[in-house]
Amino acid sequence: MSPGGSITALGYSGADDAAGWMADRPSRRSLRKLYVALREITETLAHELGNPTTIAPQWSRTDWTLACAVAAIHGVSPLLADGLRWEGPAQWRRFLIGQRAHTAARFQRIQGLMQEIDDCGRREGIALVPLKGAALHTQGIYAAGQRPMSDLDLLVEEAQYEHAAGALSRLGFRETHRTWKHRVFLRDCEAESAALGEHAANAIKIELHPRIREILPLRAVDVSAAVWPQAPQPGLNPYPSKAALFIHLVLHAAGVAVMRQIRLLHLHDIARLSARMSEEDWEEVLQHGSGTADVGLWWAYPPLTLVQRYCGSCVPEHVLVRAASGCHWMLRRSYRSRTLARTSISHLWVTAFPGIEWARSPHELLRYAARRLVPNSRIRAERKVDAAVQPRVSGGAWAELSQTRRTLRWITARQARTPTLQPVRAALRGAR
């Protein structure tokens, strides 16, 4: 089906299926219909944002409700509010306009928090780098209200990691949990107030990183040296260059793509930054890619291919050629036709080996498969964190199941992903 067509023609009946998706244990038939609907809506909105048309999709009321969930999943509600050339129904417009207003108000709070952290860093002699969304706003690539920020990411040198954590605690933040990538902090006085998308009053998390790296899928790629300023000063510091920010954004997109969690917002971040980069910036990117195999640009080809597919030709061809030349054949071939719907949280199903195409050798492929079948202590610990923070949907929290029970449930029937079902149900509850 081409983007913008009628999803209802694919065989689901709106209200009846919506009730099925809200059930504690949705039927296999209703989940299959939801899978098709999410896939088609995701592709339609992605193409409309990158190449707007003047004709609104012919969707049912339930389709438009699911579209709100998809826009929230991909973090592009404010961009859609400004970028679409058609209006759609009133419920859709209200959602987009409301999300843009909440995003703008929330960004004002984040700006105030950044000033607070900058003052604290100066007092305590701690240098920090605000990452990703904060840096994109600082460079003027987004204006207030255009890009949601669910949290504030900060990079600090490993030698000052504990000092920075202590400084955050003195600002009233407590550590809620930690992963192999970062530690997460939250103020006790703040709480989540909205289940779908952005809300001005939602809690602002701080994620404190000692390094910038991703595991793809077992091999760690670390770009900390490229991202950290050469002469950092106490307080908040910018990235050393646009190329450094580009490298980080692309590596982050690669990391979430491995677990099929990429967002359309990630692609537009890269596209908007690319449009501002000079020949010198691109040369710096290529110089980074001339390092060892672990450092090179082999991991950049999948996200950059998606950027070109959905956001237009914004990355120079010679950069794509360099990335493709270092990318092994299985990964390169996989992403030649890979869609956003299959690589993102819009993909409804739990996948047994979601990042297997990223393995760079037969030995690594076997190790990755074994790690998925018999998870190590780090993965088990992260699942406990997921079980604590994820809502209970789809007949119980998937993250709480033992590996044996997961395997049995996955063999007997396809399992729906919690991060996908939660916004769908939130959108349906809001529509009621």
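Computed from the coordinates by the stated procedures, all read-outs in this text should not be read as laboratory data. Note that this is a predicted model, so its numbers are computed, not measured. All Cβ positions, even for glycine, are placed from backbone atoms using ideal geometry, and neighbour counts span all protein chains on display.
Using a 10 Å Cβ count of at most 12 others and DSSP loop calls, identify the longest part of the chain lacking such GluC sites (Glu not before Pro). The answer is 193-432.
Of the chymotrypsin sites (Phe, Trp or Tyr not before Pro) found in the range 127-193, those that fall in a DSSP loop while having at most 15 other beta-carbon atoms within 10 Å are TRP180. List the trypsin sites (Lys or Arg not before Pro) within the range 13-93 that DSSP assigns to loop and that have no more than 16 neighbouring Cβ atoms inside 10 Å. Those that pass, being in a loop and sparsely packed, are ARG85. The slack between GLU87 and GLU364, meaning 0.36 nm per residue of separation minus the straight C-alpha distance, is 94.9 nm. Cβ crowding within 10 Å, taken as a proxy for footprinting-reagent exposure, orders ILE356, ILE73 from fewest neighbours to most as ILE356, ILE73. Here are labelled values, [x] -0.62, -0.72, -0.92; [y] -0.40, -0.52, -0.79; [z] -0.45, -0.57, -0.89, and one is the computed log10 I(q)/I(0) by the Debye sum over Cα atoms at q = 0.08, 0.09, 0.11 Å⁻¹ for what I pasted. Which one? After the calculation, the listed value that fits is [z].
In plain terms, the residue of ASP269, ASP188 with the fewest other Cβ atoms within 10 Å comes first and the most crowded comes last, giving ASP188, ASP269. Close Lys pairs in the chain (alpha-carbon distance under 21 Å; sequence gap of 8 or more, or different chains): 6.
Rounded to the nearest Å, what's the spacing between the alpha carbon centres of the range 62-101 and the range 286-360? Just the number, please. Taking the Cα centre of the range 286-360 as reference, the centre of the range 62-101 is 28 Å away.
Only helices enter this figure: runs of n ≥ 4 DSSP H residues, each worth -39500 (n - 2.57), summed and divided by the residues of the chain, yield -16000 deg cm²/dmol at 222 nm to the nearest 500.
When SER402, SER325 are sorted by how many other C-beta atoms sit within 10 angstrom of their C-beta, beginning with the fewest, the order is SER402, SER325.
Of all DSSP-defined beta bridges confined to the chain, some 65% are antiparallel rather than parallel. The residue list TYR35, LEU49, PRO232 was ranked by how far each Cα lies along the charge dipole of the range 8-431 toward its positive end, using unit charges on Cβ atoms, and TYR35 comes out on top.
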